[in-house]
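Each value in this text was obtained by applying a stated rule to the coordinates, not by laboratory testing. This structure is a prediction, so every number in the text was calculated from the model and none was measured. Every residue, glycine as well, gets a Cβ built from its backbone with ideal geometry; the counts of neighbours run over all protein chains shown.
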Amino acid sequence: MTKRFRSGQVAVDGVELLVPRGAVFGFLGPNGSGKTTTIRMLLGLVAPTSGAVELLGDAMPGRAADVLPRVGALVEGPAFHPYLSGRANLARLDSVDATADPRTARARADTALERVGLGAAADKRFRQYSLGMKQRLGLAAALLQPRELLVLDEPTNGLDPQGTREVRTLVRELASDGTTVLLSSHLLAEIEQACSHVGIMSRGRLLRQGPIAEVGAGGVSTVRVSATPSTVVLAAQVLERMGLTGVLVGGADVTAELGDAAAEDVTAALVRSGVAVRGLAVTRPNLEDTFVALTGEGFDVAR
Ligand SMILES: Nc1ncnc2c1ncn2[C@@H]1O[C@H](COP(=O)(O)OP(=O)(O)OP(=O)(O)O)[C@@H](O)[C@H]1O
């Protein structure tokens, strides 16, 4: 899908997002990269300029009435009533859900409040909630009913470290119950710890997507050999003879790109040639390296 705003800005540019059922899909990208706009299109809150959306196998927004009850969403916080308590706000949302049994409304609200750690603050007015508590209430609203798919836009925004951990645990629990979760974040650690799949957005484009291990492993592994001052040059020659590239000597260490070579073969060749090997370490690129390589180091938002 593509979204061009009236200003002419293309916020989402030909994104084809594939979220497998049962996955916890981390939608990662710097501020302004188009994550929220993509999510809003998925949920039928804004129409794509071109392209089509399928949610749980059904076309959106055409089948929205059938599909949306099976989807829980946290997008820019639902409109809560400032003078009602957290519990009363949930009751209000629950009462407009035609599929919800009114006799069990109270239990549903209480369970959802407990799950997000708002049990003790259930009777406090919304306007007295902190940012993190408001965010938790938004999550509770998405959890009122069991859902097949949960779409959470920056769910840990404004949460303290405990809250962040709780959300992570909650997402894992939901996933183990079979719920598919699409979760956007600009926080790498959060995605790495909570997700099975990842999609990386930058400037409106989806640069990479797939299982985390595959996306993270896209870069180049490097090897660092610690030798002795008298054998380090020999070590560099051995690595070059093996066809390794980017060989660099620094002090008694030599580093190189590992490429297709196996670390054990490198070790054996070094020892055979008489290099005094004090240590050998292989560094594999992680998701952070891949993310920075794809989206750039810069701190400024793209536009
Ligand atoms: N209604 C709108 N009209 C015009 N431009 C918009 C509108 N909504 C978003 N944009 C622009 O589209 C781009 C993508 O914004 P979007 O909110 O989708 O990014 P995001 O990845 O969710 O960022 P963040 O992490 O900061 O929430 C931004 O440059 C933003 O200014």
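Mean-square fluctuations from a GNM of the chain, with a 10 angstrom spring cutoff on Cα atoms, peak among Val171, Val223, Val151 at Val223. What is the angle, in °, between the Cα long axis of helix 263-272 and the longest principal axis of the Cα atoms in the chain? Nearest 10 is fine, range 0 to 90. Taking Cα atoms only, the helix is inclined about 10 degrees. How far is helix 232-241 tilted off the main Cα axis of the chain, in degrees rounded to 10, range 0 to 90? For helix 232-241, the angle is close to 80 degrees. Taking the square roots of five times each eigenvalue of the Cα gyration tensor of region 227-295, the equivalent ellipsoid has semi-axes of 24, 13, 11 Å, listed largest first. Working note: 222 nm ellipticity from helices only, DSSP H runs with n ≥ 4, each -39,500 (n - 2.57), summed and divided by the residues of the chain, gives -9500 deg cm²/dmol to the nearest 500. The mean sequence distance of close C-alpha pairs (under 8 Å, at least 6 residues apart), as a share of the length of the chain, puts its relative contact order at 21 percent. Is the C-alpha gyration tensor of the chain telling us rounded, prolate or oblate? Criteria: a/c under 1.5 is rounded; beyond that, a/b larger than b/c is prolate, otherwise oblate. Cα axes put the chain in the prolate bin. Of all DSSP bridge pairs formed entirely within the chain, close to 60 percent run antiparallel. Packing-based ranking of 17-23, 30-36 yields 30-36, 17-23, ordered from highest to lowest mean Cβ neighbour count within 10 Å. Note on region 96-141: with charges restricted to the Cβ of Lys and Arg (+1) and Asp and Glu (-1), its dipole about the Cα centre is near 200 debye.
Packing here is the average count of other Cβ atoms within 10 Å per residue, and on that basis the peptides 39-49, 254-264, highest first, run 39-49, 254-264. Projecting the Cα atoms of Ala88, Gly163, Val151 onto the dipole axis of region 3-216, where Lys and Arg carry +1 and Asp and Glu carry -1 at the beta carbon, places Ala88 farthest toward the positive end. Applying 0.36 nm per residue to the separation of Arg6 and Ala100 and subtracting their alpha-carbon distance, the gain on full extension is 30.0 nm.
Computed from Cα atoms, the angle from the helix 105-115 axis to the main principal axis of the chain rounds to 20 degrees. For region 210-240, backbone nitrogen atoms closer than 13 Å to the point 7 Å from Ala293 Cα along Cα-to-C-beta are found at 214-223. Projected over every direction and averaged, the convex hull enclosing the alpha-carbon atoms of region 247-286 yields 3.3 nm².
Simple rule: put +1 on each Lys or Arg Cβ and -1 on each Asp or Glu Cβ in region 1-119, find the dipole, and look at Val12, Phe25, Met1; the Cα lying farthest toward the positive end is Val12.
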